[in-house]
Structure formats: C-alpha cells, structure tokens
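Okay, so here's the structure we're looking at.
The values are calculated or read from the model by the stated rules, or taken from the named source; none is laboratory data. Quick caveat, the model's predicted, so the values are computed rather than measured. Here the Cβ positions follow ideal geometry from the backbone for every residue, glycine too, while neighbour counts run over all protein chains shown. Protein only, heavy atoms only, side chains kept; ligands, DNA and RNA dropped before computing areas. Shrake-Rupley method; radii C 1.70, N 1.55, O 1.52, S 1.80 Å.
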Amino acid sequence: MSDIMTAKDLNLWYDKTHALKNVNITIPEKSITAFIGPSGCGKSTFLKTLNRMNDLIPIVKITGEVCYNGQNIYDSSVDVNELRREIGMVFQKPNPFPMSIYDNIAYGPRTHGIKSKVKLDEIVEQSLRDAAIWDEVKDRLKKNALGMSGGQQQRLCIARALAVKPKILLMDEPTSALDPISTSRIEELAIELKKSYTIVIVTHNMQQAVRISDNTAFFLLGELIEYGETEKLFSQPTDKRTEDYITGRFG
Amino acid sequence: MLSKKRKAYITAMKTAMYISVGLTAALVIFLVLFVFFKGIPHISRELLFTKPSYTSGRIGILPDVLNTLYIVLATLILVIPLGVGAAIYLTEYAQNKKIVGMIEYAAETLSGIPSIIYGLVGMLFFCQFLGFKTSLLAGSMTLVIMNLPTIMRTTQESLKTVPQSYRDGAFGLGAGKWRVIRTVVLPGCVDGVITGCILSVGRILGESAALLFTAGFAHALNGIVEGLASPGATLTVALYVYAKEQGEFGVAFAIAAILMILTLLINLSAVLVSKHFAKKRKL
C-alpha cells in the first residue's frame, strides 16, 4: 500500500501553548488509521491540520510539513478550497445545514460548479447510497435535514462529504454523540468505505479503534508516542505509556 | 405564622404594585383612546385621498402619505446594504477585536444622540455641502445615518447566533469564505435583518425633528423620483405643521390616529416575523 499523507516535524501552537510536538507520521492509502489518546492530547488538533481546518483559528501557528501526494499542503501555492474538497471532514457533532436533505448533499457539488439538475440528482443518490442511508430518506429528500435522528444526521454528513468525491475522509470522533446502534452502523460504513477512500478517524473509544482500524497512533500531551498496526499496538505495545493507556491505567 | 407587621408590609407592597401596573395600563389606554376619539371622526375619504388646496380650503394628506412612503423606501434601500455589509464585515472578517469593539461602541452612542442633532448635521452636510437642497432625499440620507446602527446591531446579533458548526461544515466541503457567508450564514440571519428593518420603519414613521431641517414642509403631489428631489412633509411633520402653524387640530389628531394604527401594525408584524422564524429554527 502506498502512502497518501505524510507529516514531517509538525509543530503547532495555540498562541503560546505548544499543542503538537514534532509529529512524524505516514498514512497509507485505502485503509483506516485511528488516532487515540486521552482528552487534550492533540489528536483532534492533528486531524484538523490534515485539511487545514486550523486555518480558521487566528491564533494557531504551524511549523513543519504535511505532504499530500508529495505536495506540502501548507505551501502558499495550494488552493485551500480544492484541498478541502479532496480531504473531506466529518465532525464530532452531526452538523447538517438547516436545509433539505437534497440541498445538504448538493451543497458541495454546487460549490464546485456543478449546476446540471440531472448530474446533481445522480450525485445525491449515489452519495446517499454510499453512506447507506438512501433507503431511509429517498421519499423525503425535500424535507428539512434537521428533522432526522442524530445517527441519520451523521450518516447524512458522511454522504455530504462523499458528494464532492474526496480521496481522504477525516472523521473527528464521529460516533461520540450517537447511540450504540447508530455507532455500529457508522463503523460498518467506515469499513465499507475504506475500499475506495482513505479514512483517518479520531476516537475516544479504544474498542472502536480495535474493531475498525488497520493502523493506530497513540498521542499523549501533544506527542505521537507510538504508531503501528492496530493489532500489534494493542497486543504488544513497545512504549510503557501506551501500555498504561490501553490497559486503562490512566486516561 | 407571619407577624402582623410583616402581613401589613406585604399588603402594602402588593397594593403599590397593583397601583403602578394599573396606572401604566391606564395611561396607555387613555392615550390611545384619546387620540382615536379625537382623530377618527376627522378621517374621511377626502382627507386620505386628496391634496390640500389653498383656494378651496380643502385639506388632504395624500401627499404626506406618499412622502412618508418614499422616504421609508429610499432610506431602507440605502441603509440595508450598508448596515448588513458592516455587520458581516465586523462579525465575519474583522480580526482586530479592539477596532470592532470601538465601532460597536460608536454605533451604540450614535443611536443615543437626540435626533434634532442629526437634523442639524444633515442640513449642513446633505442640503448645503452636498447640494441636495431641502428634499426628501436629503431627509432619507439623514435617516440612513440614524438607522444604520439599528440595522447593523440587529444583523450582528443574529449573525452571532448562526452556529459555528454550520460554517465548519461548509468550509470542510471546500467552500470559500464568501460562499459560506452567502449560502449558510446569511440565510440564518434573515430574521435579524427583518427585525432591524421593522424597527427602522417604526423609527422613520415617528421621526420629525431630523426631517424638519432636511426634508421640508411641502404638500405637493409628486411621483417617487420627483418627490425625492423636492421638499415634502412626512405624516409626522405634517402633523406638526397642521397643529402648530395652521391650528387644524382635528387634522393633526386624524394623522396621529393613522400613525398610531401604522405603529401598531408594524409592532404586530415584528412579533409575527420573529415567531415565524423561531418556529423554523426549532425544526
């Protein structure tokens, strides 16, 4: 498997707080990579550096490189909007726009210039099918998306992200606000999606990392402590701190 | 058990409270009834739909109604883009918190200045310096400055209620800043803009001091373009003129009654609009 993203000596500061310290990592294509660690360890922050969502916070300062397909995404020549189209994001709390289900999905394609009704219809249906929610919503595409349940809203957000045909999907604790049934649906969906997409998921839930991910990275206090195949990391961690965390000694 | 003293105290306080509530309600009801009682008998078809004629001694307020309409329209057309634009800049773009704070403070101060001062400045600046003469246009320009803070502040407040998660979602799909604002942020704050407009319309209807200096007293029947270029009295100014300069108190009260009804309608529509949007948000 070839690597699709690489971070080199990445440092990040919130004003004076050093939130990420010399992070080096490579993320393989068409696989699920999980980031685990206690609250405040920098895993979500790191996830957001991968599609430059941290740009929206004025006090953030970043040094080092994040390469996507060999190109440093923090280079001044990079079109951030195009980057975020290729590297999509699903947030912790489902955040559908207050519009119809159809318009939610069509928002991305419309943003990138697709106007034809036929084409939009096609993309909406395909994205909803890929997110395994088509059968539940096909009869109410014109209804407001805020009327759906939390789990449905989150799958809608995944469908919305898929509609712009990204290469990578970043998921920031996508199931932390959901019930167990919705959670397992999203996990199944993630496993299904890794056939065509690269998925990076931040999770609080170690069982979730074990269940779905191929590789796991353990963060602590802004440092990447250990990174490797999920099975190996959980059965034979090399670092004492990793072992302490996964055996539940802190966190 | 409550002591006797305590009981007497509670009764006294309750009585005082009922008296103040009763007085407030009675004052409002008295004012409204008084104006309606004095004014409504003078409202006639002739008054509403003709212009005044000095030769026949006829009094009609149609020109004043139209002038009011023109001035409201002209003011809104100018003030909405300015106010909404300023609000968008301040909440979405401006990085320097100090400058934003200063502008907000200035806007708040601006809305507390007595309107006659706006009239004086408007007369010197718009009528004389810019050469608009005494005209409805100069009047509406003055009202634009007066209402700018209202529109700006209500829009700003409702921009702040649009959840950050909507913006994040849109940015995450690769939308540029302006597209995010246009498609996700602005639709979420329409209610604020509308509320600001309704408040402004109410203020424009009630404004007289600023217009006495800038828009004049004429009662000529004009189309909108001609009307804006020439002097004219709005309903409120006409009320002043008829009462103070011609001693036509019946007409003045008729106008007062009309203004009162309009104000009532405007407040009612403000309530309806906010209810409508509150319902939409909840969904």
Taking first residues from segment B:1-23 that are surrounded by 10 or more Cβ atoms within 10 Å (Cβ to Cβ) and second residues anywhere that are aromatic (Phe, Trp, Tyr), the pairs with Cβ under 8 Å that are 6 or more apart or on different chains are none
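Restricting attention to segment A:37-55, and to residues there that are assigned to a loop (DSSP other than H, G, I, E, B) and within 11 Å of chain B (Cβ to nearest Cβ), which single residue is nearest to residue A:207 (Cα to Cα)?
If we take residues in segment A:37-55 being assigned to a loop (DSSP other than H, G, I, E, B) and within 11 Å of chain B (Cβ to nearest Cβ), then A:51 is nearest to residue A:207 (Cα to Cα).
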Inside segment A:101-118, the number of residues satisfying the requirement of being within 9 Å of chain B (Cβ to nearest Cβ) and more than 19 Å from residue A:90 (Cβ to Cβ) is 1
Result of the Cβ filter at 7 Å on segment B:79-103, keeping first residues that are without any contact (Cβ under 8 Å) to a residue 12 or more places away in the chain and partners that are open to solvent by 30 Å² or more (accessible area, probe 1.4 Å), at least 6 apart or interchain, is B:95/A:58
Quick one: is residue A:82 open to solvent by 50 Å² or more (accessible area, probe 1.4 Å) and either within 14 Å of chain B (Cβ to nearest Cβ) or at pLDDT 95 or above (or both)? yes
Scanning segment B:67-92 for residues that are of a type in the set (Ser, Thr, Tyr), more than 14 Å from residue B:222 (Cβ to Cβ) and modelled with pLDDT under 90 gives B:91
Taking first residues from segment A:134-145 that are open to solvent by 100 Å² or more (accessible area, probe 1.4 Å) and second residues anywhere that are part of a strand (DSSP E or B), the pairs with Cβ under 9 Å that are 6 or more apart or on different chains are A:142/A:100; A:143/A:100
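Quick one: is residue A:98 under 22 Å from residue A:189 (Cα atoms) and surrounded by 16 or more Cβ atoms within 10 Å (Cβ to Cβ)? Before you say what the answer is, go through the steps one by one.
On the way: under 22 Å from residue A:189 (Cα atoms): no; surrounded by 16 or more Cβ atoms within 10 Å (Cβ to Cβ): yes.
So residue A:98 fails the test.
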In segment B:181-194, anything closer than 26 Å to residue A:169 by Cβ and either within 9 Å of chain A (Cβ to nearest Cβ) or not in a helix (DSSP H, G or I) (or both) is listed as B:183, B:184
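Which members of segment A:146-167 meet the condition of being among the β-branched types (Val, Ile, Thr) and either touching a Gly at 6+ places or on another chain (Cβ under 7 Å) or surrounded by fewer than 20 Cβ atoms within 10 Å (Cβ to Cβ) (or both)?
Restricting attention to segment A:146-167, the residues satisfying the condition of being among the β-branched types (Val, Ile, Thr) are A:158, A:164.
Answer for segment A:146-167, where residues must be among the β-branched types (Val, Ile, Thr) and either touching a Gly at 6+ places or on another chain (Cβ under 7 Å) or surrounded by fewer than 20 Cβ atoms within 10 Å (Cβ to Cβ) (or both): just A:164.
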Residues in segment A:199-251 that are open to solvent by less than 10 Å² (accessible area, probe 1.4 Å) and touching a Cys at 6+ places or on another chain (Cβ under 8 Å) total 2
Residues in segment A:46-67 that are out of contact with any helix residue (DSSP H, G or I) (no Cβ under 6 Å at 6 or more places or on another chain) and open to solvent by 20 Å² or more (accessible area, probe 1.4 Å) total 10
Among residues of segment A:58-78 being outside any loop (DSSP other than H, G, I, E, B) and among the charged types (D, E, K, R), the residue farthest from the other protein chains (Cβ to nearest Cβ) is A:65
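Quickly run through segment B:19-55 and pick out the residues that are aromatic (Phe, Trp, Tyr) and part of a helix (DSSP H, G or I).
Just the residues of segment B:19-55 that are aromatic (Phe, Trp, Tyr), to begin with: B:30, B:34, B:36-37, B:49, B:54.
Once the filter is applied, which keeps residues that are aromatic (Phe, Trp, Tyr) and part of a helix (DSSP H, G or I), segment B:19-55 yields B:30, B:34, B:36, B:37, B:49.
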From the option list B:213, B:249, B:171, single residue qualifying as more than 14 Å from chain A (Cβ to nearest Cβ), surrounded by 19 or more Cβ atoms within 10 Å (Cβ to Cβ) and over 16 Å from residue B:63 (Cα atoms) is B:213
